[in-house]
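Notes to accompany the following structure.
The values are calculated or read from the model by the stated rules, or taken from the named source; none is laboratory data. Here the structure is a predicted model, which means the values were calculated and not measured. Here Cβ is always computed from backbone atoms with ideal geometry, including for glycine, and neighbour counts include all displayed protein chains.
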Amino acid sequence: MNPQHNVLAGGRGGSIVITSSDAGVKGFARFGHYVASKHAVIGLMRTLTMELAPHSIRVNVVAPTNCNTDMIQNDPVYRLFRPDLESPTREEFAIASAREETPSFRKMLLM
């Protein structure tokens, strides 16, 4: 059974929260596959919002930015952001990934 069916069956409205990514709101070079999937999540949220609103069910997306996890803190990802370097360091990755972010995020990474 789909989650929205459980909320519908309750008959009292409710909320569904879906996790996407900052990549679902904007593009990132060299991450087309990831960006496309996260845009799809946001599209699903928009569709479910229209379908479920008549039942007093709201649907939202949480779209976090880069998080300091093993998913991005690894050599293959460092090389995606710095294809010009044979063995980019974590610091070189931080500078390159900050170019994709806001000025305040860039400043935080460089501290």
Quiz prompt | Scan of region 14-46 for residues that are in contact with a strand residue (DSSP E or B) (Cβ under 9 Å, 6 or more places away or on another chain) and surrounded by fewer than 13 Cβ atoms within 10 Å (Cβ to Cβ), ordered by number | solution = 15, 17, 19, 46
Practice problem: Would you confirm whether any residue within region 16-38 is among the small types (Gly, Ala, Ser) and either over 29 Å from residue 67 (Cβ atoms) or in the same structural domain as residue 97 (by TED's automatic domain parsing) (or both)? | Solution: no
Self-check item: Any hit, region 59-70, residues being surrounded by 14 or more Cβ atoms within 10 Å (Cβ to Cβ), of a type outside the set (Asp, Glu), on the phi < 0 side of the Ramachandran plot and part of a strand (DSSP E or B)
Solution: yes
Quiz item: Out of region 39-50, which residues are without any contact (Cβ under 8 Å) to a residue 24 or more places away in the chain and not β-branched (Val, Ile, Thr)?
Solution: 39, 40, 43, 46, 50
Quiz item: Can you name the condition, by its number, that residue 16 falls short on among (1) β-branched (Val, Ile, Thr); (2) touching a residue at least 40 places away in the same chain (Cβ under 8 Å); (3) in a loop (DSSP other than H, G, I, E, B)?
Solution: (3)
Quiz item: What single numbered condition from (1) farther than 24 Å from residue 90 by Cβ; (2) of a type in the set (Lys, Arg); (3) in contact (Cβ under 8 Å) with a residue 24 or more places away in the chain; (4) not in a strand (DSSP E or B) fails to hold for residue 30?
Solution: (1)
Practice problem: Filter region 79-89 down to the residues that are touching a helix residue (DSSP H, G or I) at 6+ places or on another chain (Cβ under 7 Å) and more than 22 Å from residue 25 (Cα to Cα), then identify the one that is modelled with the lowest pLDDT. | Solution: 82
